[in-house]
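K.L.:
One structure follows; several queries about it will come next.
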Amino acid sequence: MIPADSATGKRGPSPVSKLAWLGEVVAVQPRIRLMRSFDQRNHAYPGFALFLHGKLDGTAREFSVGIGPGAQAKHEFRAGDTARGLAVPIADERVETVELYKASALEVISRAATSPAAGPPWRGVPPPLETYRTRGHRRLDPRTYEASCRTCIWGCCMPVEITLDQWKPEIREYRRETFCYGPRSCTAYRAGATRKVPGRNGMTWDEADWVDEEATSSRGPDE
């Protein structure tokens, strides 16, 4: 039964119950969204993604939780930590790459037993989101991301929202793209194919290599 609002008498959606989770942090990566409109792009920075192996609502499995930048600054999660908390399932999987968000009651039960080895992949405490914004990213081959970069603090899988026609903004497409914020000299890095962005009337924008070069031009090869 849908509960009625006590003030208006109108019925609204039932509140979503928070799920308890507990597990070892496998990776921490930035949680960034990408909005595209043909050759234009911009980003939103809602926080960080925790990838864990443990128990979600009593079931043993791998899962992911989105947290805000303030929570990451407070707890400084990194791979190897054991943590727990509460969270709710995402409302729209098209604009998220995590399973849960709106995390609360966060607690670090134990810290990683050893200091992270030198990368790649880099697995320490990730920097603030502003660092990712100023560093810029390069496209990352999805197969390379899955094989070598899923546990690296510089890897990022972004939900992408594409506005096909700026005169009809309600018409959109969704997909996921993988990126690297890491050192330009990383030996694990592979760019993969250029990204094709659909537009109005069947047009396509081919995001060439110069876009990545421009986005990371302020950094040296080892930065």
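K.L.:
Please report the carbon-and-sulfur percent of the accessible area for segment 39-160; probe 1.4 Å, protein heavy atoms only, DNA, RNA and ligands left out.
P.N.:
With neighbouring chains kept in place, the figure for segment 39-160 is 50 percent.
K.L.:
Mind listing the phi-derived Karplus ³J(HN,Hα) values for segment 98-107, rounded to whole Hz, using 6.51, -1.76 and 1.60 with θ = phi - 60°, and x for any glycine or proline?
P.N.:
Whole-Hz 3J(HN,Hα) from phi for segment 98-107: 9, 8, 10, 8, 6, 5, 8, 6, 6, 8.
K.L.:
While we're looking at this one, here's another question. Between His53 and Thr204, what length in nm is gained on full extension when 0.36 nm per residue of separation is reduced by their alpha carbon distance?
P.N.:
50.4 nm is the gain from fully extending His53 to Thr204.
K.L.:
Would you mind checking which residues have amide H under 5 Å from Leu140's amide H? H placed 1.01 Å from N; only 5 or more apart, or other chain.
P.N.:
Amide H to amide H, under 5 Å and 5 or more residues apart or across chains, Leu140 pairs with Thr178, Phe179, Cys180.
K.L.:
Can you give me the pair-distance distribution of segment 118-223, C-alpha pairs, 5 Å bins, whole percents?
P.N.:
Histogram of Cα-Cα distances, whole percents per bin: 2, 11, 20, 22, 18, 12, 8, 5, 2, 0.
K.L.:
OK, next. Going by average Cβ density within 10 Å per residue, which order do the peptides 131-139, 24-32, 179-187, 105-113 take, highest to lowest?
P.N.:
Most protected by this proxy first, the peptides run 24-32, 179-187, 131-139, 105-113.
K.L.:
Can you check what the net charge comes to around Ser110, using other residues whose Cβ is under 10 Å from the Cβ of Ser110 (Lys, Arg +1; Asp, Glu -1)?
P.N.:
Once positives and negatives cancel, what remains is -1.
K.L.:
Please list 195-203, 48-56, 82-90 highest first by mean number of surrounding beta-carbon atoms within 10 Å per residue.
P.N.:
So the peptides 195-203, 48-56, 82-90, ranked by packing, come out 48-56, 82-90, 195-203.
K.L.:
Please give the net charge around Pro159, taking every other residue with its beta carbon less than 15 angstrom from that of Pro159, where Lys and Arg add +1 and Asp and Glu add -1.
P.N.:
Computed value for this residue: +2.
K.L.:
Spelling out what I want: for every residue of segment 149-158, take phi, set θ = phi - 60°, compute 6.51 cos²θ - 1.76 cosθ + 1.60 (Karplus), and round to whole Hz; glycine and proline get x.
P.N.:
These are the phi-based 3J(HN,Hα) values: 10, 5, 9, 8, 5, 8, x, 7, 9, 9 Hz.
K.L.:
Any chance you could run the full-extension gain for His43 through Arg172? It's 0.36 nm times the residue separation minus the Cα-Cα distance, nm to one decimal.
P.N.:
Taking 0.36 nm per residue and subtracting the Cα distance, the gain is 44.8 nm.
K.L.:
For q = 0.09, 0.15, 0.16 Å⁻¹, what log10 I(q)/I(0) does the chain give under the Debye formula with an equal point scatterer on each alpha carbon and no solvent?
P.N.:
-0.42, -1.03, -1.13
K.L.:
On to the next question. Scan around Trp154 for amide H atoms under 5 Å from its own, H built in the peptide plane at 1.01 Å from N, and keep only partners 5 or more places away or cross-chain.
P.N.:
Trp122
K.L.:
I would also like to ask the following. Looking only at Val95, Val211, Val65, which one moves most when the chain is put into a Gaussian network model with springs between Cα atoms under 10 Å?
P.N.:
Result for the chain, Cα springs under 10 Å: Val211 fluctuates most.
K.L.:
Measuring with a 1.4 Å probe in the full set of protein chains, what accessible area per residue, in whole Å², belongs to segment 1-159?
P.N.:
52
K.L.:
Related question: Given 0.36 nm per residue, what is the gain on full extension from Ala147 to Thr194 after removing their alpha carbon distance, in nm?
P.N.:
Once the chain is fully extended between Ala147 and Thr194, it gains 15.0 nm.
K.L.:
Also, I was wondering about something else. Residue by residue through segment 25-35, what is 3J(HN,Hα) from phi via Karplus (6.51 cos²θ - 1.76 cosθ + 1.60, θ = phi - 60°)? Round to whole Hz and write x for glycine and proline.
P.N.:
Whole-Hz 3J(HN,Hα) from phi for segment 25-35: 6, 8, 7, 10, 9, x, 10, 10, 10, 10, 10.
K.L.:
For segment 25-79, just the Cα set please: Rg and Dmax, both in angstrom.
P.N.:
Over segment 25-79's Cα set, Rg and Dmax evaluate to 14.1, 45 Å.
The values are calculated or read from the model by the stated rules, or taken from the named source; none is laboratory data. Everything numeric here is computed off the predicted structure, so don't read it as measured data. Every residue, glycine as well, gets a Cβ built from its backbone with ideal geometry; the counts of neighbours run over all protein chains shown. Calculation scope for accessible area: heavy atoms of the full protein, side chains included, ligands and nucleic acids excluded. Shrake-Rupley method; radii C 1.70, N 1.55, O 1.52, S 1.80 Å.
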